[in-house]
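The values are calculated or read from the model by the stated rules, or taken from the named source; none is laboratory data. The model shown is predicted, which means the values in this text are computed figures rather than measured ones. Neighbour counts are summed over all protein chains in view; Cβ atoms, including those assigned to glycine, are modelled from backbone coordinates with ideal geometry. Just so you know, the surface numbers come from the protein's heavy atoms only, side chains and all, with ligands and any DNA or RNA stripped out. Shrake-Rupley method; radii C 1.70, N 1.55, O 1.52, S 1.80 Å.
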Amino acid sequence: MKNQTAATIAVRAHFKQAPFLSAFLALAFLVMVSGCAAKKEIAAAPPPKPAPIYVKPRVALVLGGGAARGFAHVGVLRALEQEKIPIDMIVGTSVGSLIGAMYASNPNTFELEWTAFKLEKDDIFDFSIFSSTTGPVKGDKLERFVTATIPVQNIEQLKLPYYAVAADLNTGEPVIFSAGPICKAVHASCSIPGVFTPLTLGTRQLIDGGVLGNIAPEVARQHGANLVIVVSIGKSIQNKETGNIIAITLQAIAIMSSRIDAYKAKDADVLISPEVGDVETTDFTQKKRCMQAGIVAAQKAIPEIQRRLEAFKTMLDTVSVQQVKPAT
């Protein structure tokens, strides 16, 4: 009887404790399940995005070839300066190398305009019958003008990074001047075939970079520019004044360059084209008109330039600044 009573008490005690045990087991199960879910949730979380990178604009001004039409470059520079458009480097071909060097030595368009207005054809063209077999213009006057106008001797001393584009007459390779005497760089870049005697520099004979295209946006890209402003002043290819060897040569170069320039212009972020195509190569009487045309053309391009500069102020990660499309 006693044993039965003890067993009954044990069973009753077990049933009294069972609700607490069940509750404990249920709680342990819930904790385990929620822990697994938390692990799954952590594993499924996407990785954090990389911190956006600020891309600083590096603006290149590419000044094209065009002889006397180059006075338009002065007007373009004036308009850009008035709107405080930054210029981080200058790339110049032919007359673009001359105007570009003058500005890079002293980024002040007031001084540049004053010098340009005083410039006459005889200041840079030295015709000589003794060099007529390779070109009637020797180029010595051009070098003297550069030396007298620009207060420093070497490209490395200029206030802005500067690149002058010439071509090797014997190989057809582009020759980019980024160091050394400024007068030689400008002389080589301006040596129009059939007009200037090729410049002999070391073992090379160098001619106007315009034979490879009057504009060189690719040179700006190669030197780190991510906003390339191109000024094209090419000659109109409609020309019936081709009665001598020089006129024929210049017309042939104009036709060739216009085709090349149309292709190269695709690499420009902003293209400025002053209306000066009818100005003849050696016509220095149209200075004021060319400068005004440069101002007008640049002013039209200012909103697009400012829009592209504004795009650089956005924090960027995967979007390249070169993907910024022109406004429609």
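What separates the Cα centres of segment 181-230 and segment 147-162 is a distance of 16 Å.
The residues of segment 219-294 expose on average 52 square angstrom of accessible surface per residue, using a 1.4 Å probe on protein heavy atoms.
Return the subset of K118/K287; K184/K287; K138/K288; K121/K141; K235/K288 for which the Cα-Cα distance in this structure is over 20 Å, preserving the input order. Working shown, then result.
Details: K118/K287 10 Å; K184/K287 25 Å; K138/K288 28 Å; K121/K141 10 Å; K235/K288 18 Å.
Result: K184/K287; K138/K288 exceed 20 Å.
Between I255 and T134, the distance separating the two model label sites (each 7 Å from Cα on the Cα→Cβ line) works out to 2.7 nm.
Quote the relative contact order of segment 118-235 in percent (integer), defining contacts as alpha-carbon pairs under 8 Å separated by 6+ residues. Please list the in-between numbers first.
Details: 188 pairs, mean separation 26.1, N = 118.
The normalised contact order for segment 118-235 reaches 22 percent.
Qualifying trypsin sites (Lys or Arg not before Pro) in segment 138-174, where qualification requires a DSSP coil assignment and no more than 13 other C-beta atoms within 10 Å, comprise K159. For segment 165-300, carbon and sulfur atoms together expose 56% of the accessible surface, with a 1.4 angstrom probe and every protein chain in place. Phi angles of segment 147-164 translate, via the Karplus equation with coefficients 6.51, -1.76, 1.60 and θ = phi - 60°, into HN-Hα couplings of 5, 6, 8, 9, x, 10, 9, 10, 4, 4, 8, 5, 7, 10, x, 9, 9, 9 Hz per residue; Gly and Pro are given as x.
So which GluC sites (Glu not before Pro) in segment 87-194 pass both tests, a DSSP loop state and at most 15 other Cβ atoms within 10 Å of the Cβ?
Numbers: sites: E111, E113, E120, E143, E156; in loops: E120.
When the GluC sites (Glu not before Pro) of segment 87-194 are filtered for loop state and at most 15 Cβ neighbours within 10 Å, E120 remain.
Taking 7 Å steps out from each Cα toward its Cβ at K313 and T200 produces label points 5.6 nm apart.
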